[in-house]
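Novice: Here it is: the structure, laid out below.
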Amino acid sequence: MPRTLFISDLHLAQERPDTTARFERFLAVEAPGAEALYILGDLFEAWVGDDGLALPFNAHVAERLRTLSLGVPLFFMQGNRDFLAAGGFLAATGAQAIDDPTVIDLYGQRALLMHGDTLCTDDTAYQAFRAQTRDPRWQAAALAQPLAQRLAIAQGMREGSAAAKAGKSEAIMDVALSAVEAALDAAGCQLLIHGHTHRPARHEHDVKGKPCVRWVLPDWYRDGGALEVTPTGIRALPAP
Ligand code: MN
């Protein structure tokens, strides 16, 4: 049966070889034969520019993806950790870029795909940071710094992010229901697939009288996993 796979929030990093190994098993065992693999952001713990492909770890992951892409169409949406992944990344991995949000046809059903961070509208500090870092002038200035300096800055930002998270409530860091409903309504979809929150689940929503389903993808810090969609249904797959 045809199947389409969705993953996000792998947060791949050299310091987490278990996660990398799990991802490589997924690419070897689960992904071949799929009609497509969608990566909905935060593939990497940090991607500070496509010149980071010079780092052996990044080149290794890119090569694994490129091998898969020879047989399986690969789609990539930027997350909040890898929003600087651009043309060089796409060329190295064989992936095609998709916007956040994107609507696709999934076996006759319109599906809305997002990373998920734009749904966390209660976290106004984060949304301000997001707006700043998506500004082309901010990105040009950032990319003008030497690679080593960008890696150090990213490390500092992760530590700052951990500190900021520690001071925020769980509710603020989750998606806002109003944002979910607005996104589904605007896209004319009754199915939403996103990651980012690391709270894998299947949620049901009523949007203006229409029953909607929202699947949240798991992160790969611990177990990982994917979402599998076929013409007959949707199910969460554990990582192999
Ligand atoms: Mn994220």
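The values are calculated or read from the model by the stated rules, or taken from the named source; none is laboratory data. Treat the numbers as computed from the prediction; the structure is a model and nothing was measured. Using ideal geometry, Cβ is built from the backbone for each residue, glycine included, and neighbour counts are taken over all protein chains shown. Protein only, heavy atoms only, side chains kept; ligands, DNA and RNA dropped before computing areas. Shrake-Rupley method; radii C 1.70, N 1.55, O 1.52, S 1.80 Å.
Novice: If I ask for residues that are in a helix (DSSP H, G or I) and surrounded by 16 or more Cβ atoms within 10 Å (Cβ to Cβ), which ones from region 91-110 would you list?
Specialist: Scanning region 91-110 gives Ala92, Thr93.
Novice: Regarding region 114-135, can at least one residue be identified that is more than 16 Å from the ligand (Cβ to nearest atom), touching a residue at least 12 places away in the same chain (Cβ under 8 Å) and charged (D, E, K, R)?
Specialist: No; the residues of region 114-135 include none that is more than 16 Å from the ligand (Cβ to nearest atom), touching a residue at least 12 places away in the same chain (Cβ under 8 Å) and charged (D, E, K, R).
Novice: Looking at Leu151, Leu227, Leu184, can you tell me which residue is surrounded by fewer than 17 Cβ atoms within 10 Å (Cβ to Cβ), outside any loop (DSSP other than H, G, I, E, B) and in contact (Cβ under 8 Å) with a residue 12 or more places away in the chain?
Specialist: Leu151
Novice: Let me ask something additional. Restricting to region 166-181, give me the number of residues that are surrounded by 14 or more Cβ atoms within 10 Å (Cβ to Cβ), part of a helix (DSSP H, G or I) and at pLDDT below 95.
Specialist: Summing the residues that are surrounded by 14 or more Cβ atoms within 10 Å (Cβ to Cβ), part of a helix (DSSP H, G or I) and at pLDDT below 95 in region 166-181 gives 2.
Novice: Identify the single condition in (1) under 22 Å from Ile39 (Cβ atoms); (2) part of a helix (DSSP H, G or I); (3) touching a residue at least 40 places away in the same chain (Cβ under 8 Å) that Ser161 does not satisfy, given that it satisfies every other one.
Specialist: (3)
Novice: Still on this structure, please answer the following. Exactly one condition in (1) surrounded by 13 or more Cβ atoms within 10 Å (Cβ to Cβ); (2) more than 16 Å from the ligand (Cβ to nearest atom); (3) closer than 30 Å to Met1 by Cα is false for Gln139; which is it?
Specialist: (3)
Novice: Quick check: anything in region 17-25 away from the ligand (no atom under 16 Å from the Cβ), in contact with a strand residue (DSSP E or B) (Cβ under 9 Å, 6 or more places away or on another chain), closer than 28 Å to Glu159 by Cα and aromatic (Phe, Trp, Tyr)?
Specialist: Residues of region 17-25 that are away from the ligand (no atom under 16 Å from the Cβ), as a first pass: 17-18, 20-25.
From the residues that got through so far, the ones that are in contact with a strand residue (DSSP E or B) (Cβ under 9 Å, 6 or more places away or on another chain) too are 20, 23.
Keeping just the survivors that are closer than 28 Å to Glu159 by Cα gives 20, 23.
If we keep only those that are aromatic (Phe, Trp, Tyr) as well, we get 23.
So far as region 17-25 goes, yes, one or more of its residues are away from the ligand (no atom under 16 Å from the Cβ), in contact with a strand residue (DSSP E or B) (Cβ under 9 Å, 6 or more places away or on another chain), closer than 28 Å to Glu159 by Cα and aromatic (Phe, Trp, Tyr).
Novice: Follow-up. Counting just the residues of region 44-90 that are of a type in the set (Gly, Ala, Ser), open to solvent by 20 Å² or more (accessible area, probe 1.4 Å) and in a loop (DSSP other than H, G, I, E, B), which one comes out nearest to the ligand (Cβ to nearest atom)?
Specialist: Going through the qualifying residues, I end up with Ala46.
Novice: Residue by residue through region 195-224, note down the ones that are crowded, with 19+ Cβ neighbours inside 10 Å, farther than 17 Å from Tyr38 by Cβ and without any contact (Cβ under 8 Å) to a residue 60 or more places away in the chain.
Specialist: Cys212
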